[in-house]
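Scroll down for the structure; my scribbles are underneath it.
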Amino acid sequence: MATQESDEQSGGTGRRALLSAAVLGAGGAVLGLPQGAAAAESGSARRGRGGLSSLPVPTVIGHRGASGYRPEHTFGSYQLALDMGAHVVEAGDLVPTKDGHLVCRHEPEIGGTTDVADHPEFAGRRTTKVLDGVRTTGWFTEDFTLAELKTLRAVERIPANRPHNTLYNGRWEIPTFEEVLRWQDEQTRRRGRQVWIYPETKHPTYFRKLGLGVEERVAAVLRRHGKDRKDSPVILQSFEPTSIQRLNRLVGNPLAVLLSDAGSRPYDFVEAGDPRTVADLVTPAGLREIATYAQGIGPTVDLVIPRGADGNLTKPSTLVRDAHAAGLVVHPYTVRNENPFLPPAYRRGGDADAYGDVLGLFRAYFATGIDGIFTDNPDTGLLAREDFVNG
């Protein structure tokens, strides 16, 4: 998921030990959560249509896998998220290759997430493009064939915050969407429970202008795998509402509109001259419109509980209540364990890679009635969920 927030932090050393080391060997168990607890859903009614109603509430979604512990969007990260017990894995920020395949990368620019800079044969591919109105320099997936991308290996995107993840640099290749769907089937069989994934269409307006329409490719792959129905365990998401509207015409899957900060405009709105901002989309009327073509929203956590001038949490907004009134599930993003990503009151110490009181932060978000949450640290999210459900 593109968070449209500042992920890059610098400085700091040291780190708290992983919360509950036993989680790492959980083998898919939800951290000792009693069998009935998932159904209890902390008093919150299950919402949504189709397959969404089968998910426990609140749902813990592994953001780009377990990206707090492994380089994001790799099978190492996806696999660990399942091992930790994540209910859903965000397996796939989907971007196309030059020859039309869909691969899983945070952004089409791959200089920060792969070792492409170490490949002299690709030095000439480095270029500057305008990506959603922003000049961006690097290497782009649309300039590579799938075979060329498969020669690259993933690296940690934010090493200042996650120096431990650099241990795994070079270990995993870039997954394709086809490979993710086959992995999902294999993991479902092996674990004896349905594995859910939550792919995102990335920069669809940008790619459509290049003749690489993302939605049609997503739909074609899903159809080939028989996963294009409303009860399919694949939730599709996008920051561009028109991308979700297009997907709504192509597939039956559960759909969610991602929402950045209130003052921002989805890029498809910018291109079309639509003056509306996210603030317009999160009004009761805006949410009712979204509900005509989607089943959920994925707002930034700051739309659920705004932050004050000092960066700390203020009073929860009415977004969760209004979205539920429109029949939409609410899956905000993103909770991370490290200090720089937390409100100041939840930080502990000053190191950029040290953990703060993230359990307390989860508790604050769960108390708003959200249906689920994206987190880089599924083990932490599940521990917080256990406390909340059983509290």
Review point. What whole number of Å gives the distance from the Cα centroid of segment 200-272 to the Cα centroid of segment 87-150?
Key: 19 Å
Check your understanding: Taking the chain as a Gaussian network, Cα atoms linked when under 10 Å apart, which of Pro284, Pro299, Pro332 shows the biggest mean-square fluctuation?
Key -> Pro284
**Study point:** Among Gln295, Gln237, Gln194, residue whose mean-square fluctuation peaks in a GNM of the chain (springs only between Cα atoms under 10 Å)
**Key:** Gln194
Check your understanding: Which number comes out as Rg/Rh for segment 290-330 once both Rg and the Kirkwood Rh are worked out on C-alpha atoms?
Key -> 1.07
Study note, to complete from the structure: Sorted by accessible surface (1.4 Å probe, heavy atoms of the protein chains only), largest first, Asp280, Asp143 come out as Asp280, Asp143
Check your understanding: How big, in percent, is the set of alpha carbon pairs in segment 298-391 lying more than 19 Å apart?
Key -> 39 percent
Review point. Using a Gaussian network model of the chain with C-alpha springs under 10 Å, which one of Arg190, Arg307, Arg125 is most mobile by mean-square fluctuation?
Key: Arg190
Revision key, fill the gap. Computed on Cα atoms only, the convex hull of segment 167-211 has an orientation-averaged projected area in nm² of 5.2 nm²
Check your understanding: How big is the equivalent ellipsoid of the chain along its three axes, where each semi-axis is √(5λ) from the Cα gyration tensor, reported in whole Å from largest to smallest?
Key -> 28, 25, 22
**Study point:** Accessible-area order (highest first, 1.4 angstrom probe) of the listed residues Glu186, Glu386
**Key:** Glu186, Glu386
**Study point:** All aspartates and glutamates inside 15 Å of Lys150 as judged from Cα atoms, apart from same-chain residues fewer than 8 positions distant
**Key:** Asp99, Asp115, Asp118, Glu121, Glu142, Glu173, Glu178, Glu179
Study note, to complete from the structure: Once Lys227, Lys98, Lys150 are ranked on solvent-accessible area with the largest value leading and a 1.4 Å probe, the list reads Lys98, Lys150, Lys227
Check your understanding: lysines near Lys230 by alpha-carbon distance under 30 Å, same-chain residues fewer than 8 away left out - which ones?
Key -> Lys202, Lys209
Exercise for review: For Arg363 paired with Ala325, estimate the spin-label separation in nm (one decimal), with each label point 7 Å from Cα along the Cα-to-Cβ line.
Suggested key: 3.0 nm
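The values are calculated or read from the model by the stated rules, or taken from the named source; none is laboratory data. Note that the coordinates shown come from a computational prediction; the quantities given were computed from them, not determined experimentally. Please note: Cβ atoms are built from the backbone with ideal geometry, for glycine as well, and neighbour counts cover all protein chains shown. Keep in mind that these areas ignore ligands, DNA and RNA; they rest on the heavy atoms of the full protein, side chains included. Shrake-Rupley method; radii C 1.70, N 1.55, O 1.52, S 1.80 Å.
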